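To start, the structure itself, in structure tokens.
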Amino acid sequence: MLWIAVLLLALVLMVIAATALLFRTEDLSHLDSTDYPVREATPNDGHQQVLGRLRELGEASRGLKGKARLMALRRHMDGLSEGITLASEFRHNDEPRGEWVLAPGVDSRRRVLYIHGGAWAAGSPRSHRAITDAFSRLANAAVFAVDYRLMPEHRYMDGVRDCRKAYTWMLDNGPDGHERADFVVVAGDSAGGSHTLGLLAWVRDNGIRQADAAVALSPSTDLTLTAPSNRDNIQTDPLLGPVFGGLAKVPLPVIWWGTLAAFRVSPTNPVASPLRGSLANLPPTLIHVSASEMLLDNARRYAAKAASEGSKVTLHTWPGMVHVWHIFTDLLPEANDAFEDIQAFLEDLESHRTEQTAPCVDDSASTPRPTA
């Protein structure tokens, strides 16, 4: 029996060594010392209605397993924007796959690439129409909501490539055909927020025309799950807590191996965890997050690291909001407040650009010269 014990010990040591080699994680706890203020807000009756919607989301797949459960979740998410008054025209696009969202009278040379959330396995342009409709109006822009490929039918990197393709295509193509973009924003929520931040780094590294601005709503920035709020906020996050809270009982190395198996990408890879890559030379970025959600410290760490590397990232935190509360525009005043904040961010950014690019007037010819 001794040889069996020796064999098991050798196997354990090999797994430990492989884990250390494959998942070399830099300790980012120093980023948690940055203090970010939380906005003041008064709770309203809409919160209870939102919690009811979230319970319906859970009940839609209760008792189902595997693919049936996932399909039920997808169908329910696609109905999130139903019944909401939307002003935009929604125009399907075949290649790349997605839809144009056009508020009345928007400037088609101004464009937003929107990347929806849904844990990389659910969600669609339809499910997030409340958000894309608002973006088109507030940015006076044509929004392209990319319908990227989802897991598990497709690999994680297939979705990443779809977002990259949509971005480069959108630079030269608008809703009415070939037309160069004048102003470009990349935005996304949750898993789509992760794709958004990862896309910015890819654009920078490949010498492609960078976005003028980016907006990430409750983004996932680090799949290693080492940030404190991933465990501390389980009880206060009514959406992510019930779904992912059980992971708190699983040792992190086990989660990392599981992530590698499911994503076929290491959780330490910046493609999946933008926080783990270089955050230098990125466009001005606005991040929204709730103080009570599990991804709070994902956002805080990203903002702190980006600032330390010279990129301008603005983080605004709301108290007691559900994950990606922006989608509940019909119920939450805070959703409309958030969109007004995004609009102010973009307008301020453009006003500064205008000031910086304004031509200098040489008035020396009209200025009297001093006499000797």
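Quick note: the coordinates plus some simple rules give every number you see, no bench work behind them. On a predicted model such as this, the values are computed, not experimentally measured, just so you know. Cβ: placed from backbone, ideal geometry, glycine included. Neighbour counts: every protein chain shown.
In this structure the amide hydrogen of M321, modeled in the peptide plane, comes within under 5 Å of the amide hydrogens of A291, S292, none closer than 5 places in sequence on its chain. Considering only beta bridges that DSSP places wholly inside the chain, some 30 percent are antiparallel. Computed from the C-beta positions of K65 and T236 and an R0 of 25 Å, the FRET efficiency is 0.30 to the nearest 0.05. Determine the shape class of the range 39-91: with a ≥ b ≥ c the square roots of the Cα gyration tensor eigenvalues, call it rounded for a/c under 1.5, and otherwise prolate if a/b is greater than b/c, oblate otherwise. Verdict is oblate for the range 39-91.
I'd like the FRET efficiency for V250 and H154, computed as 1/(1 + (r/R0)^6) with the beta carbon distance as r and R0 of 30 Å, rounded to 0.05. Walk me through the intermediate numbers first.
Numbers: r = 25 Å, r/R0 = 0.85.
E between V250 and H154, to the nearest 0.05, is 0.75.
The phi-based Karplus calculation (6.51 cos²θ - 1.76 cosθ + 1.60; θ = phi - 60°) puts the 3J(HN,Hα) values of the range 65-76 at 9, x, 5, 4, 5, 5, 5, 5, 5, 5, 4, 5 Hz, whole numbers, x for Gly and Pro.
To the nearest 0.05, what FRET efficiency results for D348 and Q49 with a Förster distance of 41 Å applied to their C-beta separation?
0.80
Between G98 and N93, D147, the built amide H atoms are under 5 Å apart, and every one of these is 5 or more places off in sequence or on another chain.
Aspartates and glutamates near K305 by alpha-carbon distance under 19 Å, same-chain residues fewer than 8 away left out - which ones? Candidates past the 8-residue exclusion: E26, D27, D32, D35, D205, D222, D297. Would you mind estimating how fast the chain diffuses translationally, via Stokes-Einstein at 10 °C and 1.306 mPa s with the Kirkwood radius over Cα pairs, in µm²/s? Rounded, D is 72 µm²/s. For the peptides 332-340, 142-150, the ranking by mean Cβ contacts within 10 Å, running from highest to lowest, is 142-150, 332-340. The helix-based estimate of mean residue ellipticity at 222 nm for the chain, built from -39,500 (n - 2.57) per DSSP H run of four or more residues and divided by its residue count, is -12500 deg cm²/dmol to the nearest 500.
In terms of the ratio Rg/(2.2 N^0.38 Å) built on C-alpha atoms, what value belongs to the range 119-231? Please list the in-between numbers first.
Numbers: Rg = 14.4 Å, N = 113, 2.2 N^0.38 = 13.3 Å.
Normalised by 2.2 N^0.38 Å, the Cα Rg of the range 119-231 equals 1.08.
Would you work out if the range 36-165 is rounded, prolate or oblate? Take a ≥ b ≥ c from the square roots of the eigenvalues of the alpha-carbon gyration tensor; rounded if a/c is under 1.5, else prolate when a/b is larger than b/c, oblate otherwise. In terms of gyration-tensor shape, oblate.
Amide H contacts for G118 (H built 1.01 Å from N in the peptide plane; partners 5 or more residues away or on another chain; cut-off under 5 Å): A191, G192.
On average over all directions, what projected area in square nanometres does the range 207-303 have, based on the convex hull of its Cα atoms? Mind showing how you got there, number by number?
Working: hull surface 27.2 nm².
Hull-based average projected area comes out at 6.8 nm².
By the rule of a C-alpha distance below 28 Å, with chain neighbours fewer than 8 residues away ignored, the lysines paired with K312 are K165. Rounded to the nearest 20 debye, the dipole size of the range 101-248 about its Cα centre is 160 debye, using +1 on the Cβ of Lys and Arg and -1 on the Cβ of Asp and Glu.
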